[in-house]
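Engineer: Handing you this structure, nothing more for now.
Bear in mind these aren't lab numbers, they're just calculated from the coordinates by the rules spelled out. None of these values were measured; they are calculated from a predicted model. Backbone-built Cβ (ideal geometry, glycine too); neighbour counts: all protein chains shown.
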Amino acid sequence: GAGVSQTPSNKVTEKGKYVELRCDPISGHTALYWYRQSLGQGPEFLIYFQGTGAADDSGLPNDRFFAVRPEGSVSTLKIQRTERGDSAMYLCASSLDHSPNEQFFGPGTRLTVL
Amino acid sequence: RKEVEQDPGPFNVPEGATVAFNCTYSNSASQSFFWYRQDCRKEPKLLMSVYSSGNEDGRFTAQLNRASQYISLLIRDSKLSDSATYLCVVLFSGTYKYIFGTGTRLKVLA
């Protein structure tokens, strides 16, 4: 079956612009995670959704970052007033439910802020 | 101190060698543990979960030491295809946050 997909695969933007990154999880997976990964580092937790609600958004670095999952499937990570420090690979993962389970990662969106 | 720590490596080993990685975690109330593998410019993929009694999957063995707060991954008979970054992942009790280590880079040499 289809895995997790993310669009776009690459996004180049200018400092101060707004960007949206999209994640399509595996069908039927209720848990969805967003991570940010910089070179030489492991993925850093940003936010976790169980269904439509954000069960844990403690990893969002500041209020420029926001994520939604209005129908409990597709999720969008939104970044306002982008800064050069936001440049990273943004990974989305889904798993069957909230219990400790295998997470299936998408290929990521490479964000570059000039 | 980081919540999950790994030696970043790289570990350069010849084909056929046995290699082991450790990962330490800071929260004694940790619930679940995993090893993920990440190939260069690819997404992480689950290698194996780590169970309290230890578990084995082919050439890979994972161990958990709760008293010393570390998990380990042992790879026997290394293959060239084992070259990758191995990420230690910990889920702390009462949270939904999976904490990833920085990863340990392994290069298996012909």
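Engineer: Just tell me the longest site-free run in chain A, where the sites are trypsin sites (Lys or Arg not before Pro) in a DSSP loop having at most 16 other beta-carbon atoms within 10 Å.
Structural biologist: A:18-63
Engineer: With the cut-off at 1.5 for a/c, could you classify the protein assembly as shown from its C-alpha gyration tensor as rounded, prolate or oblate? Mind showing how you got there, number by number?
Structural biologist: Numbers: a/c = 1.86, a/b = 1.51, b/c = 1.23.
Verdict is prolate for the protein assembly as shown.
Engineer: Which order results if B:Leu106, A:Leu91 are arranged by neighbouring Cβ count within 10 Å, fewest first? If you can, show how the numbers build up before the last one.
Structural biologist: Values: B:Leu106 21, A:Leu91 25.
Listing B:Leu106, A:Leu91 from fewest to most nearby Cβ atoms yields B:Leu106, A:Leu91.
Engineer: Here's a follow-up. Scan region B:1-65 for chymotrypsin sites (Phe, Trp or Tyr not before Pro) in coil per DSSP, keeping those whose Cβ has at most 12 other Cβ atoms within 10 Å, and list them by number. Don't jump to the answer; show the numbers that get you there.
Structural biologist: Details: sites: B:Phe11, B:Phe21, B:Tyr25, B:Phe33, B:Phe34, B:Trp35, B:Tyr36, B:Tyr51, B:Phe60; in loops: B:Tyr51.
Here the sparse-neighbourhood loop sites are B:Tyr51.
Engineer: Less than 17 Å apart at the alpha-carbon level, and either on another chain or at least 8 residues along: which aspartates and glutamates does that give for B:Lys107?
Structural biologist: Straight-distance partners of B:Lys107: B:Asp7, B:Glu15, B:Asp39, B:Asp77, B:Asp82.
Engineer: Send over the semi-axes of chain B's equivalent ellipsoid, whole angstrom and largest first, taken as the square roots of 5 times the C-alpha gyration tensor eigenvalues. Before the final figure, lay out each step's value.
Structural biologist: Details: eigenvalues 109, 42, 28 Å².
For chain B, the semi-axes come out at 23, 14, 12 Å.
Engineer: Between A:Tyr18 and A:Asp97, what is the label-point separation in nm under the 7 Å Cα-to-beta-carbon projection?
Structural biologist: Result: 3.7 nm between the two label points.
Engineer: Report the gain in length on full extension from B:Ser32 to B:Leu80: 0.36 nm times residue separation, minus Cα-Cα distance, nm rounded to one decimal.
Structural biologist: Numbers: separation 48, 0.36 × 48 = 17.28 nm, distance 2.94 nm.
Net length gain for the segment: 14.3 nm.
Engineer: If one computes P(r) from the Cα atoms of region A:11-106, what percent of pairs lie at distances over 18 Å?
Structural biologist: Details: 1917 of 4560 pairs.
Percentage above 18 Å: 42.
Engineer: Now, a different point. Compute, for region A:6-101, the length of the dipole vector about the Cα centre, with Cβ point charges of +1 (Lys, Arg) and -1 (Asp, Glu) only. Units Debye, rounded to 20.
Structural biologist: Numbers: 10 positive and 11 negative charges, 77 e Å.
About 380 debye.
Engineer: If you don't mind, there's one more thing I want to ask. Can you give the relative contact order of chain B as a percent, counting alpha carbon pairs under 8 Å and 6+ residues apart? It would help to have the intermediate numbers written out before the result.
Structural biologist: Details: 274 pairs, mean separation 41.4, N = 110.
It rounds to 38 percent for chain B.
Engineer: If the rule is a partner Cβ under 4.7 Å, which cysteines in chain B fail it?
Structural biologist: Cysteines lacking a close Cβ partner in chain B: B:Cys40.
Engineer: Here's another thing I want to ask about it. In the protein assembly as shown, if the dipole is taken from +1 on Lys/Arg beta carbons and -1 on Asp/Glu beta carbons about the Cα centre, which of B:Thr95, B:Val19, A:Leu96 is farthest to the positive end?
Structural biologist: Farthest along the dipole direction, towards plus: B:Val19.
Engineer: Test of understanding: ordering A:Asp63, A:Asp97 by Cβ neighbours within 10 Å, fewest first, what list do you get?
Structural biologist: On the way: A:Asp63 7, A:Asp97 12.
If I rank by nearby Cβ atoms, fewest first, I get A:Asp63, A:Asp97.
Engineer: Hey, which lysines would be in cross-link range of B:Lys2, C-alpha to C-alpha under 23 Å, not counting anything within fewer than 8 residues on its own chain?
Structural biologist: Once the sequence-local lysines are set aside, what remains near B:Lys2 is B:Lys45, B:Lys97.
Engineer: In debye, nearest 20: dipole of chain B around its Cα centre with unit charges on the Cβ of K, R (+) and D, E (-)?
Structural biologist: About 220 debye.
Engineer: Further question on the same structure: Connecting C-alpha atoms closer than 10 Å in a GNM of chain B, tell me which of B:Val19, B:Val50, B:Val90 has the biggest fluctuation.
Structural biologist: Looking only at B:Val19, B:Val50, B:Val90, the biggest GNM fluctuation is shown by B:Val19.
Engineer: A further question on this structure: Per-residue mean of other chain beta-carbon atoms within 10 angstrom of the beta-carbon, peptide A:93-103?
Structural biologist: Neighbouring Cβ atoms belonging to other protein chains average 3 per residue here.
Engineer: Dipole of the protein assembly as shown, Cα-centred, from +1 at each Lys and Arg C-beta and -1 at each Asp and Glu C-beta, to the nearest 20 debye? Show your work: numbers first, answer last.
Structural biologist: Values: 24 positive and 22 negative charges, 113 e Å.
For this selection, approximately 540 debye.
Engineer: Roughly how many whole Å is it from the C-alpha centroid of region A:1-42 to that of region B:16-34?
Structural biologist: Taking the Cα centre of region B:16-34 as reference, the centre of region A:1-42 is 27 Å away.
Engineer: Something else now. Within a 10 angstrom radius of the beta carbon, how do B:Leu64, A:Leu32 rank from fewest other beta carbons to most? Show your work: numbers first, answer last.
Structural biologist: Details: B:Leu64 18, A:Leu32 28.
If I rank by nearby Cβ atoms, fewest first, I get B:Leu64, A:Leu32.
Engineer: If amide hydrogens are placed 1.01 Å from N in the peptide plane, which non-local residues have theirs closer than 5 Å to the one on B:Gly9?
Structural biologist: Under 5 Å from the amide H of B:Gly9 lie the amide H atoms of B:Arg105, each far enough along the sequence or on another chain.
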